[in-house]
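Visitor: Following this message is one structure expressed as structure tokens.
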Amino acid sequence: MHTAKRPKKVGSWQAVGAVLAHFRKQAGLTQEQFAELANIHVDTVGSIEQGRLALQPDRAAQFDELLGTGGVLSVLVAKLPVRERIVQFAQGLVEHEQEAVCILSYQTQMVPGLLQTREYCLAAFDSRYPALGSETAEQWVNARMERQLIWQRERPPVGHFVLEESILRRQVGGPEVMRQQIRQILEYTDPIHMSVQIMPMDRMPHAGLAGPMTLLETPEHERLVYLEVQRASFLVDDPDEVSDYHLKYGMLRSQAYSTSESVRLLKGLLGES
């Protein structure tokens, strides 16, 4: 069964915005006056109060101080789960990703979010079209970096990644950003529970020409597949279909460079032996 994850309003941020609007009005301030006090654009205040823009922790602390709310806004923001801070069409993935015991990822265009450096991630969002506002991009970057905390869990998930070689040769953010990104991928090849394989650009036959996929296993050992195309995404949970994707992923692993060959390629891109 395919479950489409369509963009929708996020009730949690609407609630946070309503609380902010309540305290602002209690203080006798218009949106314009409050925006001037906070040194931000009035449209930003309106977007936060309507739940269209997430309230970030540092800004929540600033608003608490300006409105004398005793830290209420900071507590509200801190209590929201990670999935609420993610762009909506990706929430289906993140909800399961946070508890997964195994994550297998094949990517064709970009370094996967769970391996990205902050600079690479920001450069990727800066390239987005139509363009994102700088504040929205920063929020999405922060949320993506927070997702990576799963690797620091007491019992982190098993992580395996197959990346197309072309990903490493696209200069997202420029040469230095890419060097930092490749170094970080190399660091992720060290833990015993993680590994990376590179798919050569000239490799045929190729089991993944239909596009990227992420395979997850839940703590209850339910297996899911996440597929994303532009701004649409799907979670697949039908056992027969999921089995097909696992067979496809297994073939990709056999067709890609081995882990040791992949490490040599990564080091070669850095000019290291």
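Visitor: Taking the Cα centre of the range 159-249 as the origin, how large is its charge dipole in debye, to the nearest 20, when only Lys and Arg (+1) and Asp and Glu (-1) carry charge on their Cβ atoms? The partial results should precede the final answer.
Guide: On the way: 8 positive and 15 negative charges, 124 e Å.
That gives the range 159-249 a dipole magnitude of about 600 debye.
Visitor: Using the alpha-carbon atoms, what tilt in degrees (0 to 90, nearest 10) does helix 239-255 show relative to the longest principal axis of the chain?
Guide: Long axis of 239-255 versus the principal axis of the chain: about 60 degrees.
Visitor: I would also like to ask the following. Applying 1/(1 + (r/R0)^6) with R0 = 51 Å to the Cβ-Cβ distance of Thr44 and Ser254, what FRET efficiency is obtained, to the nearest 0.05?
Guide: Working: r = 50 Å, r/R0 = 0.99.
Here the calculated transfer efficiency is 0.50.
Visitor: Looking at the calculated P(r) for the range 174-273, what percent of the C-alpha pair distances fall above 21 Å? Show your work: numbers first, answer last.
Guide: Working: 2421 of 4950 pairs.
Value for the range 174-273 (Cα pairs over 21 Å): 49 percent.
Visitor: Apply the Karplus curve 6.51 cos²θ - 1.76 cosθ + 1.60, θ = phi - 60°, to the phi angles in the range 33-41 and return the couplings in whole Hz, x for Gly and Pro.
Guide: Here the 3J(HN,Hα) series is 5, 5, 4, 5, 4, 7, 6, 10, 6 Hz.
Visitor: For the pair Gln26/Gln109, report the inter-label distance in nm, with labels modelled 7 Å from Cα in the Cβ direction.
Guide: 4.5
Visitor: In debye to the nearest 20, how big a dipole does the chain give about its Cα centre with +1 on each Lys and Arg Cβ and -1 on each Asp and Glu Cβ? Before the final figure, lay out each step's value.
Guide: Details: 28 positive and 34 negative charges, 53 e Å.
Rounded to the nearest 20 debye, it is 260 debye.
Visitor: Now, a different point. Using 7 Å Cα-to-Cβ label points, what is the Met201/Thr218 separation (nm, one decimal)?
Guide: Between Met201 and Thr218, the label points sit 4.1 nm apart.
Visitor: Once every DSSP H run of n ≥ 4 in the chain is given -39500 (n - 2.57) and the sum is divided by its residues, what mean residue ellipticity at 222 nm do you get, rounded to the nearest 500 deg cm²/dmol?
Guide: Details: 12 runs with 128 residues, N = 273.
Result for the chain, helices only: -14000 deg cm²/dmol.
Visitor: At 0.36 nm per residue, and after removing the present C-alpha to C-alpha distance, how many nm does the segment from Leu80 to Gln98 gain when stretched out fully?
Guide: Numbers: separation 18, 0.36 × 18 = 6.48 nm, distance 1.37 nm.
Value of the extension gain: 5.1 nm.
Visitor: Select from Leu104, Ile150, Ala35 the residue farthest towards the positive end of the dipole of the chain; place +1 on Cβ of Lys and Arg, -1 on Cβ of Asp and Glu, and compute about the Cα centre.
Guide: Ala35
Visitor: Have a look at the DSSP beta bridges in the chain and tell me what percent are antiparallel, nearest 5.
Guide: Numbers: 17 of 29 bridges.
If I count the DSSP bridges inside the chain, around 60 percent turn out antiparallel.
Visitor: Mind listing the long-range amide H neighbours of Gln116? Cut-off is under 5 Å, sequence gap 5 or more, other chains count too, H placed in the peptide plane at 1.01 Å from N.
Guide: none
Visitor: If the chain between Asp190 and Ser243 were fully stretched, how many nm would it gain, using 0.36 nm times the residue separation less the Cα-Cα distance?
Guide: Values: separation 53, 0.36 × 53 = 19.08 nm, distance 2.89 nm.
Full extension from Asp190 to Ser243 adds 16.2 nm.
Visitor: Still on this structure, I have one more. Residue by residue through the range 187-193, what is 3J(HN,Hα) from phi via Karplus (6.51 cos²θ - 1.76 cosθ + 1.60, θ = phi - 60°)? Round to whole Hz and write x for glycine and proline.
Guide: 4, 6, 7, 7, x, 5, 8
Visitor: Sticking with this structure for a sec: Have a look at Ala18, Val45, Ser258 and report the one farthest towards the positive end of the charge dipole of the chain, computed about the Cα centre with Cβ charges (Lys/Arg +1, Asp/Glu -1).
Guide: Working it through, the farthest residue towards the positive pole turns out to be Val45.
Visitor: Rounded to the nearest 0.05, what FRET efficiency do Arg155 and Arg183 give with R0 = 35 Å and r taken as the Cβ-Cβ distance? Could you check? Kindly include the intermediate steps, with their values, before the conclusion.
Guide: Values: r = 26 Å, r/R0 = 0.75.
Calculated value: 0.85.
Visitor: Moving to a separate point now. For Leu66 paired with Tyr129, estimate the spin-label separation in nm (one decimal), with each label point 7 Å from Cα along the Cα-to-Cβ line.
Guide: Going from the Leu66 label point to the Tyr129 one covers 3.5 nm.
Visitor: If you don't mind, another one. Please arrange His246, His221 by counting, for each residue, the other beta carbons lying within 10 Å of its beta carbon, fewest first. Don't skip to the answer; put the middle values down first.
Guide: Values: His246 15, His221 8.
Ranked by crowding around the Cβ, least crowded first: His221, His246.
Visitor: For Val196, list long-range residues whose amide hydrogen, built 1.01 Å from N in the peptide plane, is under 5 Å from its own amide hydrogen.
Guide: Amide H neighbours of Val196: Phe161.
Where a number appears in this text, it was derived from the coordinates with a stated rule and is not lab data. Treat the numbers as computed from the prediction; the structure is a model and nothing was measured. Note that we place each Cβ from the backbone using ideal geometry, even for glycine, and neighbour counts take in every protein chain shown.
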